[in-house]
Amino acid sequence: MNYEILLPNSGFRECADFIKKNFKEVYYVPPGYRIFDSYIIGVPPIPIAVEGDDVILPYTKPCHGCFVLRIPGKEEAERVRKGK
């Protein structure tokens, strides 16, 4: 998967705050929300941003911390926008 790390090695709260402060189009999803064939984990509600055709989300990697990733994905961005 092609991605860009916007915020590396952080806590979940820092990642959530980064997304809320730096992006205008923010949606909130529950833990276990499936996106890009992966399940999102974290403290609810989990912010996910959409910017153009990119999805910005917190990604928790066990034993390594949390990261904010920007992932291109027009179909996933539209699915988030529609609330599915």
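Just so you know, all these numbers are worked out from the coordinates, no wet-lab data involved. Only a predicted model underlies this, so the values are computations on that prediction, with no experimental measurement involved. Cβ coordinates were reconstructed from backbone atoms using ideal geometry, including for glycine residues, and neighbour counts include every protein chain displayed.
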### Task
List every residue pair whose Cβ atoms sit under 6 Å apart, with the two residues 6 or more apart in sequence or on different chains, where the first one lies in region 50-65 and is of a type in the set (S, T, N, Q) and the second, anywhere, is assigned to a strand (DSSP E or B).
THR60/CYS66
### Query
Can you find a residue in region 71-81 that is in contact (Cβ under 8 Å) with a residue 12 or more places away in the chain and touching a helix residue (DSSP H, G or I) at 6+ places or on another chain (Cβ under 7 Å)?
no
#### Entry: Single unsatisfied condition, ILE41 versus (1) within 11 Å of the chain's Cα centre (by Cα); (2) in a strand (DSSP E or B)
(2)
### Conditions (1) farther than 12 Å from TYR3 by Cβ; (2) of a type in the set (Lys, Arg); (3) assigned to a strand (DSSP E or B); number of the one not met by ARG81
(3)
### Message
I'd like the residue in region 12-52 that is among the small types (Gly, Ala, Ser) and surrounded by 13 or more Cβ atoms within 10 Å (Cβ to Cβ) and, out of all such residues, is farthest from CYS63 (Cα to Cα).
### Response
ALA49
